[in-house]
Number of protein chains: 2
Amino acid sequence: MATQPMATGRPATIHDIAALCGVAASTVSRALANPERVNIRTRERIQAAAVELNYTPNSQAKALSSGRTGAVGVLVPDITNPFYFDLIRGTQLQLKAAGYTQLLVDTEESDEVEASTLEQLRKSADGVIVAASRLNDEALAAAAARMPMVTVNRDVDGVPAVIIDTPSAMPQALDHLISLGHTSVAYVSGPAVSQSSARRWIALSEAAEERRVAVRSIGPFAPKTQSGAAAADAAVHSGVTACIVFNDLIAIGMLQRLRERGLRVPEDMSIVGCDDIFGADFCNPPLTTMSSPIEQAGRVAVSMLLAQLNPLAGGGNRSRSVMPTHLTVRGSTGPVPTN
Amino acid sequence: MATQPMATGRPATIHDIAALCGVAASTVSRALANPERVNIRTRERIQAAAVELNYTPNSQAKALSSGRTGAVGVLVPDITNPFYFDLIRGTQLQLKAAGYTQLLVDTEESDEVEASTLEQLRKSADGVIVAASRLNDEALAAAAARMPMVTVNRDVDGVPAVIIDTPSAMPQALDHLISLGHTSVAYVSGPAVSQSSARRWIALSEAAEERRVAVRSIGPFAPKTQSGAAAADAAVHSGVTACIVFNDLIAIGMLQRLRERGLRVPEDMSIVGCDDIFGADFCNPPLTTMSSPIEQAGRVAVSMLLAQLNPLAGGGNRSRSVMPTHLTVRGSTGPVPTN
DNA sequence: CAGCGCATGGCAATCGGTTGTCAAGAGCGT
DNA sequence: ACGCTCTTGACAACCGATTGCCATGCGCTG
């Protein structure tokens, strides 16, 4: 009645296996974890019993005694932002392949939620991947000191990072616009606390200076399509003929708003987005934007984190990985208006 | 050296609190879990100490001893399908509000992945929410017998379900098309194992019969934009003037393909989607589709699951909840071609 | 004042593993 | 044949909490 090896009973434990094989539970544990430390005959008996009882280890108990949870937290500011889809899918696939579980958390664009999530994850995950952190450098570095971490699109001293190098495509985007005759360009910026937005603006303004073209920054705007209306109005008011926009979400919102106002894209205004998210290719007009292998970024982030967790395994610990980016030209950019 | 109440040491445990207050660990546990079972003075001392030491309970240990994990699994077939964004956000918000952690898993449209995930979750979660299951009724019922479960868009005997009642909008959609003069309509079906797709087809064909209109089914097609090309070609070949499509992903793909082929929507072909996903309002032309409060569906699913987990709490256990759906008319439907 | 009951809090077992320690036994060389 | 080393597996402590059981001590009642 105490231990019942029925298939439909409660899940089997190592004790059930031990009883079935006539060995101690600790031997079962070793046979499964360090097979070479156990006699091959015993081991095979144990493994057979494990299969027979349909044994799967209890992850809670394993975590408690070993200190390793087998879980990795993935923090994104907004799970409904399509930019993160591919990232999440990349991390999920790579984590699963390595036998880890992904704990996905939406931090709701809030530094407080992010901080408390990190604190909680400290005990329930072996490491974290933090995408587009809203935390300041100090808080993020402190959190990274407490548990293995990899950031995405965020540089902090001592914290390994995967950087999606959108800034490197800024000169391409600007050249594209210049070749179409534009000389007055606005950067539509994202959240004030977004390092991505800051880096994109710096890259753009440097490129503009080299090329002796005027660019101004407007914003900040929240990274949502709804913000696109205000952004579009601000852009129109500023008198520019082209916008490079922090991300595609805002850019798509601008497309909609400009249409409402009776302005044509690209005839009256050219729009360049960033990220090439789901929807950028089928909006109206299709969006000229900057593309990156986002899913791969997720995979790389996981690899870097796992390298931290198992320092023994091969592959030197890269501390920074840069994903290439390129301009994808579609229909939202065109010649400067001639009026 | 053993216990050090420093802020930066390892996380505080109930033993640290017990030592600081001069009580037993079990008393601390009670003071925190069943405050009324402990003297108010003692309790307050303990609570103060807990705050001072920045105590947060170890969820693994709690799970191990109590049997409750405080986690709920959420299974979706494809995390990059925008349909699930709002659902996921709804479950996430509601679970967080109830103090639960969400374990999100992408089952990759595979019944095997889904089954093994469910088996694993059995030990690491208190319950699961399964959206658009690819499992057969038998397997799903078996899994539901082993752990609390709520399904989304899937009816299985004895398993509580949230149904997004898209079928109820099928007559509306058909009437809309008929009023525009269409008499030859195709249903573009989704995965063969999708109960949603089957239900939509049944509702549509019944409505068509009542109205004495011909509808045919083409497909099945995978629920991805890429499938839209084949679907569009099949629709054109079948000679219909309008399509009602299993979901917006395929519908958007069809829009793109029809444009490539030089066919105009809605002048040459009308398209109706399902789900009103992200992108349906800004594709070209904007998609006529069927809308539902998806985020609310997620919240309701969580409520139903929590009602199973804590039967004591108020709110009778509804076993089936139906979310209303309505037709949202946009630009992808128009009068039947007059040639 | 005796006796009863209840509020309180301590002890210890338990959850399911991991891991350090140690004894027993096998196999080897001399 | 003796003794050494190395392999093997058992024992038990431990991870951090929960929880049933029990002892203490208080206040109340008769």
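Comparison of B:L87, B:L104, B:L64, B:L75 shows that the only residue that is over 13 Å from the mean Cα position of the chain (by Cα) and either hydrophobic (A, V, I, L, M, F, W, C) or away from chain A (no Cβ under 11 Å) (or both) is B:L64. When A:G315 is tested against the conditions (1) within 20 Å of A:I129 (Cα to Cα); (2) open to solvent by less than 40 Å² (accessible area, probe 1.4 Å); (3) modelled with pLDDT under 95; (4) not basic (K, R), the lone failure is (2). Here B:L135 passes the criteria (1) over 23 Å from B:A63 (Cα atoms); (2) away from chain A (no Cβ under 13 Å); (3) not in a loop (DSSP other than H, G, I, E, B) except the one numbered (3).
Out of A:E109, A:E119, A:E114, one residue alone is assigned to a loop (DSSP other than H, G, I, E, B) and outside the structural domain of A:A280 (by TED's automatic domain parsing). It is A:E109.
Starting from residues that are of a type in the set (S, T, N, Q) and closer than 22 Å to B:P167 by Cβ, keep the ones in segment B:210-237 and report whichever is least open to solvent (accessible area, probe 1.4 Å). Full working, then the answer.
So in segment B:210-237, the residues of a type in the set (S, T, N, Q) come out as B:217, B:225-227.
Those left that are additionally closer than 22 Å to B:P167 by Cβ: B:217, B:227.
Values: B:S217: 59, B:S227: 18 Å².
My answer is B:S227.
Given the options A:I271, A:I277, name the one that is within 12 Å of chain B (Cβ to nearest Cβ) and of a type in the set (V, I, T). Going through A:I271, A:I277 in turn, just one is within 12 Å of chain B (Cβ to nearest Cβ) and of a type in the set (V, I, T): A:I277.
Scanning segment B:37-61 for residues being within 10 Å of DNA strand D (Cβ to nearest atom) and either facing another protein chain (nearest Cβ under 10 Å) or within 24 Å of A:D106 (Cα to Cα) (or both) gives a total of 7.
Return the total of residues in segment A:27-44 being within 38 Å of the chain's Cα centre (by Cα) and of a type in the set (S, T, N, Q). Talk me through it step by step, then tell me what you get.
Pass one, segment A:27-44, residues within 38 Å of the chain's Cα centre (by Cα): A:29-35.
Going one step further and asking which of them are of a type in the set (S, T, N, Q), we end up with A:29, A:34.
Number of matching residues: 2.
When restricted to residues that are open to solvent by 60 Å² or more (accessible area, probe 1.4 Å) and either near DNA strand C (Cβ under 8 Å from one of its atoms) or within 14 Å of another protein chain (Cβ to nearest Cβ) (or both), segment B:19-31 contains 3. Pairing residues of segment A:193-218 that are free of Cβ contacts under 8 Å to residues at least 24 places away in the same chain and on the phi < 0 side of the Ramachandran plot with residues that are of a type in the set (F, W, Y) and crowded, with 17+ Cβ neighbours inside 10 Å, at Cβ distances under 8 Å and at least 6 apart in sequence or on separate chains, gives A:W201/A:Y187; A:S205/A:Y187. Test B:N34 against the criterion of being more than 7 Å from DNA strand C (Cβ to nearest atom), of a type outside the set (A, V, I, L, M) and within 14 Å of chain A (Cβ to nearest Cβ), and give yes or no. In short, no. A:V265 falls short on exactly one of the conditions (1) within 19 Å of A:G181 (Cα to Cα); (2) open to solvent by less than 10 Å² (accessible area, probe 1.4 Å), and that condition is (2). Scanning segment A:62-77 for residues that are away from DNA strand D (no atom under 16 Å from the Cβ) and out of contact with any helix residue (DSSP H, G or I) (no Cβ under 7 Å at 6 or more places or on another chain) gives a single hit, A:P77. State yes or no: is A:A173 assigned by TED's automatic domain parsing to the domain that holds A:V240 and touching a helix residue (DSSP H, G or I) at 6+ places or on another chain (Cβ under 7 Å)? In short, no. Return yes when B:Q308 is in contact (Cβ under 8 Å) with a residue 12 or more places away in the chain, within 23 Å of B:I88 (Cβ to Cβ) and open to solvent by 20 Å² or more (accessible area, probe 1.4 Å) and no when it is not. Here the answer is yes, as B:Q308 does meet what is asked. Considering the conditions (1) open to solvent by 20 Å² or more (accessible area, probe 1.4 Å); (2) in the same structural domain as B:T151 (by TED's automatic domain parsing); (3) β-branched (V, I, T), B:V329 is excluded by exactly one of them, (2). When A:L53 is tested against (1) aliphatic (A, V, I, L, M); (2) outside the structural domain of A:L309 (by TED's automatic domain parsing); (3) buried (at least 21 other Cβ atoms within 10 Å of the Cβ), just one condition goes unmet, and that condition is (3).
The values are calculated or read from the model by the stated rules, or taken from the named source; none is laboratory data. This structure is a prediction, so every number in the text was calculated from the model and none was measured. Virtual Cβ from ideal backbone geometry, glycine too; neighbours counted across all protein chains shown. In case anyone asks, the SASA skips ligands and DNA or RNA and just uses the protein heavy atoms, side chains included. Shrake-Rupley method; radii C 1.70, N 1.55, O 1.52, S 1.80 Å.
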